[in-house]
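> Sharing a structure with you now.
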Ligand SMILES: [Ca+2]
(Lines give C-alpha, C1' and ligand atoms only; values in the text may rest on other atoms or scores of the structure.)
Protein backbone atom coordinates (compact mmCIF):
# COMPACT_ATOMS: atom_id res chain seq x y z
CA UNK A 1 0.00 0.00 0.00
CA UNK A 2 1.17 3.52 -0.68
CA UNK A 3 0.18 4.50 2.84
CA UNK A 4 0.43 1.72 5.38
CA UNK A 5 -2.05 3.48 7.67
CA UNK A 6 -4.68 3.65 4.98
CA UNK A 7 -7.50 1.14 4.96
CA UNK A 8 -7.99 -0.71 1.68
CA UNK A 9 -10.82 0.21 -0.65
CA UNK A 10 -13.54 -2.40 -0.84
CA UNK A 11 -15.41 -3.23 -4.04
CA UNK A 12 -18.19 -5.81 -3.83
CA UNK A 13 -19.31 -6.96 -7.27
CA UNK A 14 -22.58 -8.81 -6.91
CA UNK A 15 -24.19 -10.88 -9.65
CA UNK A 16 -27.92 -11.52 -9.81
CA UNK A 17 -28.96 -15.20 -10.11
CA UNK A 18 -25.51 -16.47 -11.09
CA UNK A 19 -24.95 -20.11 -10.17
CA UNK A 20 -22.05 -21.98 -8.56
CA UNK A 21 -21.36 -23.64 -11.92
CA UNK A 22 -21.85 -20.60 -14.17
CA UNK A 23 -18.26 -19.36 -14.31
CA UNK A 24 -15.31 -21.11 -15.85
CA UNK A 25 -13.04 -20.91 -12.80
CA UNK A 26 -15.67 -22.93 -10.90
CA UNK A 27 -15.77 -25.53 -13.63
CA UNK A 28 -18.08 -24.27 -16.38
CA UNK A 29 -16.91 -25.40 -19.79
CA UNK A 30 -19.79 -24.17 -21.97
CA UNK A 31 -19.19 -20.62 -20.75
CA UNK A 32 -15.98 -18.65 -20.67
CA UNK A 33 -15.61 -15.97 -18.00
CA UNK A 34 -12.01 -14.80 -18.46
CA UNK A 35 -12.34 -11.70 -16.29
CA UNK A 36 -13.86 -13.45 -13.29
CA UNK A 37 -11.20 -16.11 -13.77
CA UNK A 38 -8.55 -13.40 -13.77
CA UNK A 39 -9.91 -12.07 -10.47
CA UNK A 40 -9.86 -15.62 -9.08
CA UNK A 41 -6.27 -16.20 -10.22
CA UNK A 42 -5.21 -13.12 -8.27
CA UNK A 43 -7.29 -13.99 -5.24
CA UNK A 44 -8.94 -16.68 -3.19
CA UNK A 45 -11.80 -18.86 -4.45
CA UNK A 46 -14.17 -20.13 -1.80
CA UNK A 47 -15.94 -23.43 -2.36
CA UNK A 48 -18.17 -23.10 0.70
CA UNK A 49 -19.23 -19.50 0.19
CA UNK A 50 -22.90 -18.68 0.66
CA UNK A 51 -25.54 -16.08 0.09
CA UNK A 52 -27.91 -16.20 3.06
CA UNK A 53 -30.97 -16.82 0.94
CA UNK A 54 -32.08 -18.26 -2.38
CA UNK A 55 -33.68 -15.02 -3.56
CA UNK A 56 -32.64 -11.40 -4.13
CA UNK A 57 -34.05 -9.18 -1.44
CA UNK A 58 -33.24 -11.38 1.57
CA UNK A 59 -29.63 -11.95 0.49
CA UNK A 60 -29.07 -8.26 -0.18
CA UNK A 61 -30.62 -7.38 3.16
CA UNK A 62 -28.21 -9.71 4.94
CA UNK A 63 -25.18 -8.48 3.03
CA UNK A 64 -25.87 -4.89 4.01
CA UNK A 65 -27.07 -5.40 7.60
CA UNK A 66 -25.20 -8.43 8.92
CA UNK A 67 -28.54 -9.86 9.97
CA UNK A 68 -30.38 -12.96 8.78
CA UNK A 69 -33.24 -11.86 6.60
CA UNK A 70 -35.89 -14.03 8.27
CA UNK A 71 -35.50 -11.78 11.32
CA UNK A 72 -37.19 -9.02 9.28
CA UNK A 73 -40.62 -10.06 8.05
CA UNK A 74 -40.44 -7.38 5.35
CA UNK A 75 -37.32 -8.97 3.82
CA UNK A 76 -39.02 -11.07 1.16
CA UNK A 77 -39.02 -10.60 -2.63
CA UNK A 78 -40.28 -7.02 -2.90
CA UNK A 79 -42.53 -5.42 -5.46
CA UNK A 80 -41.09 -2.40 -7.24
CA UNK A 81 -43.08 0.08 -5.16
CA UNK A 82 -42.15 -1.37 -1.75
CA UNK A 83 -40.94 0.99 0.96
CA UNK A 84 -37.33 0.80 2.15
CA UNK A 85 -37.03 -2.20 4.49
CA UNK A 86 -33.86 -1.01 6.26
CA UNK A 87 -34.75 1.67 8.77
CA UNK A 88 -32.61 4.81 8.81
CA UNK A 89 -30.31 4.66 11.82
CA UNK A 90 -29.74 0.92 11.39
CA UNK A 91 -26.04 0.09 11.33
CA UNK A 92 -25.23 -1.11 7.82
CA UNK A 93 -22.05 -2.16 6.07
CA UNK A 94 -21.79 1.24 4.35
CA UNK A 95 -22.68 3.19 7.50
CA UNK A 96 -20.03 1.48 9.63
CA UNK A 97 -17.43 1.92 6.89
CA UNK A 98 -18.44 5.55 6.60
CA UNK A 99 -17.82 5.87 10.31
CA UNK A 100 -14.31 4.57 9.62
CA UNK A 101 -13.70 7.27 7.03
CA UNK A 102 -14.84 5.51 3.87
CA UNK A 103 -16.74 7.17 1.05
CA UNK A 104 -19.54 4.79 0.13
CA UNK A 105 -21.40 4.18 -3.10
CA UNK A 106 -23.97 1.83 -4.61
CA UNK A 107 -24.46 1.28 -8.31
CA UNK A 108 -26.89 -1.13 -9.97
CA UNK A 109 -29.73 -3.23 -8.70
CA UNK A 110 -31.19 -2.26 -5.33
CA UNK A 111 -34.37 -4.25 -4.53
CA UNK A 112 -34.52 -3.26 -0.86
CA UNK A 113 -37.35 -0.77 -1.27
CA UNK A 114 -37.52 2.98 -1.78
CA UNK A 115 -39.53 5.59 0.09
CA UNK A 116 -42.19 5.14 2.73
CA UNK A 117 -44.89 3.46 0.62
CA UNK A 118 -47.19 4.90 -2.06
CA UNK A 119 -44.09 6.55 -3.44
CA UNK A 120 -44.55 9.61 -5.65
CA UNK A 121 -41.71 9.09 -8.12
CA UNK A 122 -41.94 12.65 -9.39
CA UNK A 123 -40.67 14.28 -6.23
CA UNK A 124 -37.37 13.86 -4.38
CA UNK A 125 -37.41 10.36 -2.90
CA UNK A 126 -37.52 10.39 0.90
CA UNK A 127 -35.90 7.05 1.75
CA UNK A 128 -33.11 5.81 -0.49
CA UNK A 129 -29.66 4.23 -0.09
CA UNK A 130 -28.51 7.74 0.90
CA UNK A 131 -30.48 7.32 4.14
CA UNK A 132 -28.81 4.11 5.27
CA UNK A 133 -25.14 4.89 4.81
CA UNK A 134 -24.40 5.47 1.13
CA UNK A 135 -22.87 8.77 0.02
CA UNK A 136 -23.62 8.08 -3.64
CA UNK A 137 -26.38 6.05 -5.22
CA UNK A 138 -27.19 5.26 -8.83
CA UNK A 139 -29.62 2.38 -8.97
CA UNK A 140 -32.72 0.77 -10.30
CA UNK A 141 -35.35 0.63 -7.56
CA UNK A 142 -36.11 -3.07 -7.74
CA UNK A 143 -35.29 -5.49 -10.54
CA UNK A 144 -35.06 -5.30 -14.31
CA UNK A 145 -38.35 -7.20 -14.67
CA UNK A 146 -40.30 -4.81 -12.42
CA UNK A 147 -41.57 -1.30 -12.92
CA UNK A 148 -40.66 1.54 -12.57
CA UNK A 149 -38.17 1.02 -15.41
CA UNK A 150 -36.08 4.09 -14.67
CA UNK A 151 -32.74 4.88 -13.04
CA UNK A 152 -32.55 6.69 -9.72
CA UNK A 153 -29.66 9.06 -9.11
CA UNK A 154 -29.68 9.88 -5.42
CA UNK A 155 -33.23 11.01 -4.72
CA UNK A 156 -34.28 11.66 -8.30
CA UNK A 157 -35.47 9.78 -11.33
CA UNK A 158 -32.89 10.33 -14.07
CA UNK A 159 -34.14 12.21 -17.12
CA UNK A 160 -37.68 12.71 -15.89
CA UNK A 161 -39.75 15.28 -17.80
CA UNK A 162 -41.96 16.97 -15.19
CA UNK A 163 -44.72 17.33 -17.77
CA UNK A 164 -44.88 13.53 -18.12
CA UNK A 165 -45.08 12.25 -14.55
CA UNK A 166 -44.63 8.60 -13.62
CA UNK A 167 -47.42 6.54 -12.13
CA UNK A 168 -46.85 3.04 -10.75
CA UNK A 169 -49.50 0.48 -9.80
CA UNK A 170 -48.91 -3.02 -8.48
CA UNK A 171 -52.55 -4.00 -8.02
CA UNK A 172 -53.05 -6.56 -10.74
CA UNK A 173 -56.64 -5.50 -11.18
CA UNK A 174 -55.84 -1.86 -11.88
CA UNK A 175 -54.14 -1.61 -15.27
CA UNK A 176 -53.97 1.90 -16.72
CA UNK A 177 -56.88 2.16 -19.18
CA UNK A 178 -55.81 2.24 -22.80
CA UNK A 179 -52.18 1.28 -22.16
CA UNK A 180 -51.01 -1.98 -23.71
CA UNK A 181 -49.99 -4.92 -21.54
CA UNK A 182 -48.16 -8.13 -22.29
CA UNK A 183 -51.31 -10.07 -21.49
CA UNK A 184 -53.52 -8.17 -23.96
CA UNK A 185 -50.97 -7.14 -26.56
CA UNK A 186 -48.43 -9.94 -27.01
CA UNK A 187 -47.95 -8.77 -30.62
CA UNK A 188 -46.00 -5.80 -29.22
CA UNK A 189 -43.42 -7.95 -27.43
CA UNK A 190 -39.90 -8.71 -28.58
CA UNK A 191 -39.56 -11.33 -25.81
CA UNK A 192 -42.63 -13.31 -24.80
CA UNK A 193 -43.42 -13.89 -21.14
CA UNK A 194 -43.78 -17.43 -19.80
CA UNK A 195 -45.23 -16.87 -16.34
CA UNK A 196 -45.97 -13.56 -14.60
CA UNK A 197 -44.36 -10.61 -16.40
CA UNK A 198 -47.50 -9.84 -18.42
CA UNK A 199 -48.24 -6.31 -17.25
CA UNK A 200 -46.83 -2.99 -18.58
CA UNK A 201 -44.69 -3.09 -21.71
CA UNK A 202 -41.41 -1.19 -21.63
CA UNK A 203 -38.83 -1.45 -24.41
CA UNK A 204 -40.83 -4.27 -26.02
CA UNK A 205 -40.80 -6.39 -22.85
CA UNK A 206 -43.73 -6.81 -20.48
CA UNK A 207 -42.91 -6.51 -16.79
CA UNK A 208 -44.27 -7.12 -13.30
CA UNK A 209 -46.37 -4.10 -12.36
CA UNK A 210 -48.06 -1.31 -14.27
CA UNK A 211 -46.53 2.06 -15.03
CA UNK A 212 -47.34 4.97 -17.23
CA UNK A 213 -45.62 8.26 -17.97
CA UNK A 214 -41.95 9.03 -17.61
CA UNK A 215 -41.29 8.12 -21.24
CA UNK A 216 -38.09 10.17 -21.48
CA UNK A 217 -36.73 8.46 -18.37
CA UNK A 218 -37.34 4.83 -19.35
CA UNK A 219 -34.26 2.66 -19.44
CA UNK A 220 -33.13 0.67 -22.45
CA UNK A 221 -32.26 -2.79 -21.16
CA UNK A 222 -29.57 -3.34 -23.76
CA UNK A 223 -27.68 -0.25 -22.51
CA UNK A 224 -28.04 -1.00 -18.80
CA UNK A 225 -24.67 -2.70 -18.35
CA UNK A 226 -22.86 0.24 -19.93
CA UNK A 227 -24.83 2.78 -17.89
CA UNK A 228 -24.07 1.12 -14.57
CA UNK A 229 -20.45 0.40 -15.48
CA UNK A 230 -19.84 4.05 -16.36
CA UNK A 231 -21.28 5.12 -13.00
CA UNK A 232 -19.27 2.52 -11.09
CA UNK A 233 -16.02 3.46 -12.80
CA UNK A 234 -16.61 7.17 -12.29
CA UNK A 235 -17.23 6.54 -8.57
CA UNK A 236 -13.83 4.83 -8.37
CA UNK A 237 -12.10 7.61 -10.29
CA UNK A 238 -13.73 10.32 -8.22
CA UNK A 239 -12.77 8.65 -4.96
CA UNK A 240 -9.40 7.23 -5.88
CA UNK A 241 -7.73 9.02 -2.98
CA UNK A 242 -9.96 6.77 -0.87
CA UNK A 243 -10.70 4.83 1.06
CA UNK A 244 -13.98 3.93 -0.58
CA UNK A 245 -16.57 1.18 -0.48
CA UNK A 246 -18.40 0.41 -3.71
CA UNK A 247 -21.33 -1.98 -3.85
CA UNK A 248 -21.62 -2.70 -7.57
CA UNK A 249 -24.72 -4.84 -8.03
CA UNK A 250 -25.13 -6.26 -11.51
CA UNK A 251 -28.53 -6.90 -13.07
CA UNK A 252 -27.21 -9.96 -14.94
CA UNK A 253 -28.12 -12.73 -15.57
CA UNK A 254 -31.55 -11.95 -14.05
CA UNK A 255 -34.51 -11.81 -16.45
CA UNK A 256 -35.26 -10.20 -18.82
CA UNK A 257 -31.90 -11.08 -20.36
CA UNK A 258 -31.23 -8.38 -22.93
CA UNK A 259 -27.49 -7.86 -23.23
CA UNK A 260 -26.03 -5.23 -25.51
CA UNK A 261 -25.98 -6.38 -29.18
CA UNK A 262 -22.18 -6.73 -29.04
CA UNK A 263 -22.64 -9.70 -26.68
CA UNK A 264 -25.60 -11.29 -28.43
CA UNK A 265 -24.63 -14.72 -29.72
CA UNK A 266 -21.28 -14.64 -27.96
CA UNK A 267 -21.81 -17.85 -25.99
CA UNK A 268 -24.13 -20.21 -27.80
CA UNK A 269 -26.25 -20.49 -24.64
CA UNK A 270 -28.68 -17.79 -25.72
CA UNK A 271 -29.51 -14.60 -23.82
CA UNK A 272 -28.70 -16.07 -20.40
CA UNK A 273 -25.17 -17.05 -21.40
CA UNK A 274 -24.68 -13.82 -23.31
CA UNK A 275 -25.77 -11.81 -20.27
CA UNK A 276 -23.17 -13.65 -18.19
CA UNK A 277 -20.53 -12.83 -20.82
CA UNK A 278 -21.58 -9.19 -20.66
CA UNK A 279 -21.33 -9.19 -16.87
CA UNK A 280 -17.91 -10.83 -17.04
CA UNK A 281 -16.80 -8.03 -19.36
CA UNK A 282 -18.03 -5.49 -16.80
CA UNK A 283 -15.94 -7.24 -14.13
CA UNK A 284 -12.90 -6.87 -16.37
CA UNK A 285 -13.61 -3.20 -17.01
CA UNK A 286 -13.84 -2.55 -13.28
CA UNK A 287 -10.56 -4.39 -12.63
CA UNK A 288 -8.94 -2.36 -15.40
CA UNK A 289 -10.28 0.87 -13.90
CA UNK A 290 -8.80 -0.01 -10.51
CA UNK A 291 -5.44 -0.72 -12.13
CA UNK A 292 -5.60 2.47 -14.18
CA UNK A 293 -6.19 4.43 -10.98
CA UNK A 294 -3.23 2.72 -9.34
CA UNK A 295 -5.49 1.05 -6.79
CA UNK A 296 -4.94 -2.61 -7.52
CA UNK A 297 -2.79 -3.20 -4.44
CA UNK A 298 -5.04 -1.05 -2.27
CA UNK A 299 -8.37 -2.62 -3.03
CA UNK A 300 -10.18 -5.70 -1.82
CA UNK A 301 -12.40 -6.95 -4.61
CA UNK A 302 -15.18 -9.40 -3.84
CA UNK A 303 -17.21 -11.18 -6.47
CA UNK A 304 -20.27 -13.22 -5.59
CA UNK A 305 -23.94 -13.75 -6.43
CA UNK A 306 -27.15 -13.06 -4.51
CA UNK A 307 -28.60 -16.53 -5.09
CA UNK A 308 -28.34 -19.58 -7.28
CA UNK A 309 -29.29 -20.00 -10.91
CA UNK A 310 -32.59 -20.31 -12.72
CA UNK A 311 -33.11 -20.97 -16.41
CA UNK A 312 -36.75 -20.18 -17.23
CA UNK A 313 -37.59 -17.38 -14.80
CA UNK A 314 -40.59 -16.00 -16.64
CA UNK A 315 -39.68 -15.31 -20.27
CA UNK A 316 -39.24 -17.46 -23.35
CA UNK A 317 -35.55 -16.73 -23.87
CA UNK A 318 -34.33 -20.25 -24.76
CA UNK A 319 -32.34 -20.53 -21.55
CA UNK A 320 -33.63 -24.09 -21.13
CA UNK A 321 -33.45 -25.11 -24.78
CA UNK A 322 -29.89 -23.89 -25.34
CA UNK A 323 -28.44 -25.01 -22.01
CA UNK A 324 -27.11 -28.30 -23.39
CA UNK A 325 -24.74 -29.96 -20.94
CA UNK A 326 -24.11 -26.77 -19.01
CA UNK A 327 -24.98 -27.12 -15.33
CA UNK A 328 -25.58 -23.64 -13.90
CA UNK A 329 -25.45 -24.90 -10.30
CA UNK A 330 -22.50 -27.19 -11.02
CA UNK A 331 -22.73 -30.33 -8.91
CA UNK A 332 -25.23 -28.79 -6.49
CA UNK A 333 -28.89 -29.71 -6.14
CA UNK A 334 -31.62 -27.13 -6.73
CA UNK A 335 -31.20 -23.50 -7.76
CA UNK A 336 -32.80 -20.13 -7.14
CA UNK A 337 -35.73 -20.39 -4.67
CA UNK A 338 -34.39 -23.71 -3.32
CA UNK A 339 -33.40 -24.82 0.16
CA UNK A 340 -30.86 -27.16 -1.40
CA UNK A 341 -27.33 -25.87 -1.78
CA UNK A 342 -27.88 -24.77 -5.39
CA UNK A 343 -30.03 -21.97 -3.99
CA UNK A 344 -27.40 -20.34 -1.84
CA UNK A 345 -23.92 -21.73 -2.48
CA UNK A 346 -22.46 -19.40 -5.09
CA UNK A 347 -19.21 -18.25 -6.66
CA UNK A 348 -17.35 -16.38 -3.93
CA UNK A 349 -14.02 -14.77 -4.72
CA UNK A 350 -11.95 -12.39 -2.60
CA UNK A 351 -8.94 -10.64 -4.07
CA UNK A 352 -6.48 -8.16 -2.59
CA UNK A 353 -3.25 -8.48 -4.53
CA UNK A 354 -0.33 -8.51 -2.19
CA UNK A 355 -2.42 -9.16 0.92
CA UNK A 356 -4.87 -11.99 0.22
CA UNK A 357 -3.38 -15.41 -0.28
CA UNK A 358 -4.14 -16.83 -3.70
CA UNK A 359 -5.67 -20.25 -4.26
CA UNK A 360 -8.72 -22.01 -2.96
CA UNK A 361 -10.40 -22.20 0.42
CA UNK A 362 -12.86 -24.60 2.00
CA UNK A 363 -13.62 -22.27 4.89
CA UNK A 364 -17.36 -21.87 5.46
CA UNK A 365 -18.13 -18.20 4.81
CA UNK A 366 -21.21 -16.16 4.05
CA UNK A 367 -22.02 -12.77 2.65
CA UNK A 368 -23.65 -11.93 5.98
CA UNK A 369 -20.10 -11.95 7.37
CA UNK A 370 -18.88 -9.01 5.29
CA UNK A 371 -20.45 -6.68 7.86
CA UNK A 372 -18.38 -7.86 10.84
CA UNK A 373 -15.30 -8.76 8.80
CA UNK A 374 -14.93 -5.49 6.92
CA UNK A 375 -15.82 -3.51 10.03
CA UNK A 376 -12.93 -5.27 11.77
CA UNK A 377 -10.68 -4.52 8.84
CA UNK A 378 -11.63 -0.85 9.06
CA UNK A 379 -11.05 -0.81 12.80
CA UNK A 380 -14.64 -0.32 13.96
CA UNK A 381 -16.70 -2.67 16.09
CA UNK A 382 -20.39 -1.96 15.64
CA UNK A 383 -22.81 -3.30 18.20
CA UNK A 384 -25.02 -4.66 15.45
CA UNK A 385 -25.17 -7.28 12.75
CA UNK A 386 -26.24 -10.08 15.10
CA UNK A 387 -25.59 -12.89 12.64
CA UNK A 388 -22.38 -11.59 11.13
CA UNK A 389 -19.17 -13.40 12.11
CA UNK A 390 -15.74 -11.82 11.78
CA UNK A 391 -14.13 -14.27 9.37
CA UNK A 392 -11.58 -11.77 8.08
CA UNK A 393 -8.70 -14.20 8.54
CA UNK A 394 -10.49 -16.73 6.34
CA UNK A 395 -11.41 -14.09 3.75
CA UNK A 396 -7.75 -13.04 3.57
CA UNK A 397 -6.57 -16.65 3.32
CA UNK A 398 -4.77 -16.52 6.65
CA UNK A 399 -6.97 -19.22 8.15
CA UNK A 400 -8.86 -22.25 6.88
CA UNK A 401 -11.46 -21.77 9.57
CA UNK A 402 -14.64 -19.89 8.76
CA UNK A 403 -17.92 -20.10 10.59
CA UNK A 404 -19.01 -23.22 12.42
CA UNK A 405 -22.60 -23.07 11.21
CA UNK A 406 -24.94 -21.03 9.08
CA UNK A 407 -28.68 -20.72 8.59
CA UNK A 408 -29.77 -20.69 4.93
CA UNK A 409 -33.13 -19.53 3.64
CA UNK A 410 -35.10 -20.84 0.68
CA UNK A 411 -38.27 -18.82 0.17
CA UNK A 412 -40.99 -17.73 2.61
CA UNK A 413 -38.46 -17.67 5.45
CA UNK A 414 -38.13 -21.46 5.31
CA UNK A 415 -34.73 -22.25 6.75
CA UNK A 416 -32.02 -24.88 6.76
CA UNK A 417 -29.03 -25.35 9.04
CA UNK A 418 -25.54 -26.19 7.89
CA UNK A 419 -23.05 -27.27 10.55
CA UNK A 420 -19.65 -28.40 9.30
CA UNK A 421 -20.44 -30.77 6.45
CA UNK A 422 -23.96 -31.54 7.69
CA UNK A 423 -27.04 -29.91 6.20
CA UNK A 424 -30.37 -30.35 7.97
CA UNK A 425 -33.64 -29.42 6.27
CA UNK A 426 -36.65 -29.61 8.57
CA UNK A 427 -39.97 -30.83 7.21
CA UNK A 428 -41.64 -27.99 5.29
CA UNK A 429 -45.10 -27.81 3.74
CA UNK A 430 -45.35 -27.14 0.05
CA UNK A 431 -44.66 -28.66 -3.35
CA UNK A 432 -41.33 -30.46 -3.85
CA UNK A 433 -40.83 -28.72 -7.18
CA UNK A 434 -41.52 -25.13 -8.25
CA UNK A 435 -43.01 -26.14 -11.59
CA UNK A 436 -42.90 -22.62 -13.10
CA UNK A 437 -39.11 -22.67 -13.01
CA UNK A 438 -38.61 -26.44 -12.71
CA UNK A 439 -36.46 -26.26 -9.58
CA UNK A 440 -36.64 -28.51 -6.53
CA UNK A 441 -37.73 -26.48 -3.52
CA UNK A 442 -36.45 -28.73 -0.74
CA UNK A 443 -39.96 -29.08 0.71
CA UNK A 444 -40.56 -32.52 2.16
CA UNK A 445 -42.87 -33.95 4.81
CA UNK A 446 -39.89 -35.70 6.41
CA UNK A 447 -36.66 -34.33 7.87
CA UNK A 448 -33.69 -34.33 5.49
CA UNK A 449 -30.05 -34.69 6.49
CA UNK A 450 -27.15 -34.65 4.07
CA UNK A 451 -23.41 -34.94 4.54
CA UNK A 452 -21.79 -32.73 1.93
CA UNK A 453 -18.33 -34.22 2.36
CA UNK A 454 -19.25 -37.28 0.37
CA UNK A 455 -22.53 -36.11 -1.11
CA UNK A 456 -22.20 -32.60 -2.54
CA UNK A 457 -25.32 -33.18 -4.65
CA UNK A 458 -27.50 -33.88 -1.59
CA UNK A 459 -28.71 -37.15 -3.06
CA UNK A 460 -28.84 -39.43 -0.02
CA UNK A 461 -31.05 -38.37 2.88
CA UNK A 462 -29.35 -39.94 5.91
CA UNK A 463 -31.73 -38.54 8.55
CA UNK A 464 -32.88 -42.03 9.50
CA UNK A 465 -29.30 -43.30 9.73
CA UNK A 466 -28.14 -40.44 11.97
CA UNK A 467 -31.30 -39.51 13.91
CA UNK A 468 -29.22 -38.03 16.73
CA UNK A 469 -27.52 -35.58 14.36
CA UNK A 470 -30.84 -34.64 12.77
CA UNK A 471 -32.44 -34.10 16.16
CA UNK A 472 -29.54 -32.06 17.48
CA UNK A 473 -29.57 -29.84 14.40
CA UNK A 474 -33.36 -29.45 14.51
CA UNK A 475 -33.02 -28.24 18.11
CA UNK A 476 -30.20 -25.89 17.22
CA UNK A 477 -32.12 -24.39 14.29
CA UNK A 478 -35.15 -23.82 16.52
CA UNK A 479 -32.89 -22.20 19.10
CA UNK A 480 -31.34 -19.80 16.56
CA UNK A 481 -34.70 -18.91 15.07
CA UNK A 482 -36.20 -18.14 18.44
CA UNK A 483 -33.14 -16.16 19.59
CA1 LIG B 1 -31.24 -12.70 -7.54
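The values are calculated or read from the model by the stated rules, or taken from the named source; none is laboratory data. Keep in mind it's a predicted model, so treat the numbers as computed, not measured. Because the Cβ atoms are built from the backbone with ideal geometry, glycine has one as well, and the counts that use them run over all protein chains shown.
> Evaluate the stretch 370-387: report whether one residue or more is within 16 Å of the ligand (Cβ to nearest atom) and either in the same structural domain as residue 254 (by TED's automatic domain parsing) or closer than 30 Å to residue 438 by Cα (or both). Quick ask: steps written out before the conclusion?
Our first condition is that a residue be within 16 Å of the ligand (Cβ to nearest atom); within the stretch 370-387, this holds for none.
No, every residue in the stretch 370-387 fails to be within 16 Å of the ligand (Cβ to nearest atom) and either in the same structural domain as residue 254 (by TED's automatic domain parsing) or closer than 30 Å to residue 438 by Cα (or both).
> Same structure, new question: Considering each of 113, 154 in turn, give the residue that is buried (at least 24 other Cβ atoms within 10 Å of the Cβ), touching a helix residue (DSSP H, G or I) at 6+ places or on another chain (Cβ under 9 Å) and touching a residue at least 12 places away in the same chain (Cβ under 8 Å). Show your work before the answer.
Values: 154 fails: buried (at least 24 other Cβ atoms within 10 Å of the Cβ).
Of the residues listed, the single one that is buried (at least 24 other Cβ atoms within 10 Å of the Cβ), touching a helix residue (DSSP H, G or I) at 6+ places or on another chain (Cβ under 9 Å) and touching a residue at least 12 places away in the same chain (Cβ under 8 Å) is 113.
> Then there's this: Which residues, taken from the stretch 358-394, are at positive phi and within 19 Å of the chain's Cα centre (by Cα)? Talk me through it step by step, then tell me what you get.
Restricting attention to the stretch 358-394, the residues satisfying the condition of being at positive phi are 359, 379, 385.
385 - this is the single residue of the stretch 358-394 that is at positive phi and within 19 Å of the chain's Cα centre (by Cα).
> Does the stretch 49-70 hold any residues that are within 13 Å of the ligand (Cβ to nearest atom) and assigned to a loop (DSSP other than H, G, I, E, B), and which are they?
Across the stretch 49-70, the qualifying residues are 51, 52, 54, 55.
> Working only within the stretch 341-366, note down all residues that are in a loop (DSSP other than H, G, I, E, B) and more than 16 Å from the ligand (Cβ to nearest atom).
First, pick out the residues of the stretch 341-366 that are in a loop (DSSP other than H, G, I, E, B): 344, 346-347, 352-358, 362-364.
352, 353, 354, 355, 356, 357, 358, 362, 363, 364 - these are the residues of the stretch 341-366 that are in a loop (DSSP other than H, G, I, E, B) and more than 16 Å from the ligand (Cβ to nearest atom).
> Then there's this: Checking the condition under 30 Å from residue 482 (Cα atoms), under 16 Å from the mean Cα position of the chain (by Cα) and free of Cβ contacts under 8 Å to residues at least 60 places away in the same chain, which residue from 52, 57 passes?
57
> Scanning for something without any contact (Cβ under 8 Å) to a residue 40 or more places away in the chain and either surrounded by fewer than 20 Cβ atoms within 10 Å (Cβ to Cβ) or touching a helix residue (DSSP H, G or I) at 6+ places or on another chain (Cβ under 7 Å) (or both), does the stretch 205-216 turn up at least one residue? Write out each step before concluding.
To start, the set of residues in the stretch 205-216 that are without any contact (Cβ under 8 Å) to a residue 40 or more places away in the chain comprises 206.
Within this subset, residues satisfying the condition of being either surrounded by fewer than 20 Cβ atoms within 10 Å (Cβ to Cβ) or touching a helix residue (DSSP H, G or I) at 6+ places or on another chain (Cβ under 7 Å) (or both) are none.
No: zero hits.
> Of the conditions (1) in contact with a helix residue (DSSP H, G or I) (Cβ under 9 Å, 6 or more places away or on another chain); (2) within 16 Å of the ligand (Cβ to nearest atom), residue 312 satisfies every one except a single condition; which number is it?
(1)
Every residue, every condition in (1) modelled with pLDDT of 95 or more; (2) buried (at least 24 other Cβ atoms within 10 Å of the Cβ), yes or no:
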residue	(1), (2)
2	no, no
22	yes, yes
26	yes, no
35	yes, no
41	yes, no
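> Of these, 313, 341, which one is assigned by TED's automatic domain parsing to the domain that holds residue 269, crowded, with 23+ Cβ neighbours inside 10 Å and within 22 Å of residue 416 (Cα to Cα)? I'd like the intermediate steps shown before the answer.
Details: 313 fails: within 22 Å of residue 416 (Cα to Cα).
Answer to the check: 341.
> Please give the number of the condition residue 97 fails out of (1) away from the ligand (no atom under 16 Å from the Cβ); (2) surrounded by 16 or more Cβ atoms within 10 Å (Cβ to Cβ); (3) within 29 Å of residue 212 (Cβ to Cβ).
The one condition residue 97 does not meet is (3).
> A further question on this structure: Based on what the data block shows, is residue 74 surrounded by fewer than 22 Cβ atoms within 10 Å (Cβ to Cβ) and either within 16 Å of the ligand (Cβ to nearest atom) or assigned by TED's automatic domain parsing to the domain that holds residue 354 (or both)?
Details: surrounded by fewer than 22 Cβ atoms within 10 Å (Cβ to Cβ): yes; either within 16 Å of the ligand (Cβ to nearest atom) or assigned by TED's automatic domain parsing to the domain that holds residue 354 (or both): yes.
The answer is yes for residue 74.
> Among 419, 367, which is the only one that is at pLDDT 95 or above and assigned by TED's automatic domain parsing to the domain that holds residue 46? Quick ask: steps written out before the conclusion?
Working: 419 fails: assigned by TED's automatic domain parsing to the domain that holds residue 46.
Within the list 419, 367, the selection yields 367.
> Another question, then. Just to be sure I understand the filter: pairs with C-beta atoms under 8 Å, separated by 6 or more residues or on different chains, first member in the stretch 417-442 and without any contact (Cβ under 8 Å) to a residue 40 or more places away in the chain, second member outside any loop (DSSP other than H, G, I, E, B) and buried (at least 23 other Cβ atoms within 10 Å of the Cβ). Which pairs pass?
Partner pairs satisfying both residue conditions: 433/439.
> Considering each of 81, 87 in turn, give the residue that is more than 16 Å from the ligand (Cβ to nearest atom) and at pLDDT 95 or above.
Numbers: 81 fails: at pLDDT 95 or above.
The conditions single out 87.
> Considering only strands (runs of 3 or more DSSP E) fully contained in the stretch 108-211, which possess at least 1 residues that are within 21 Å of the chain's Cα centre (by Cα), within 16 Å of the ligand (Cβ to nearest atom) and under 26 Å from residue 312 (Cα atoms)?
Numbers: elements: 136-140, 151-153, 167-169.
The strands (runs of 3 or more DSSP E) meeting that bar are 136-140.
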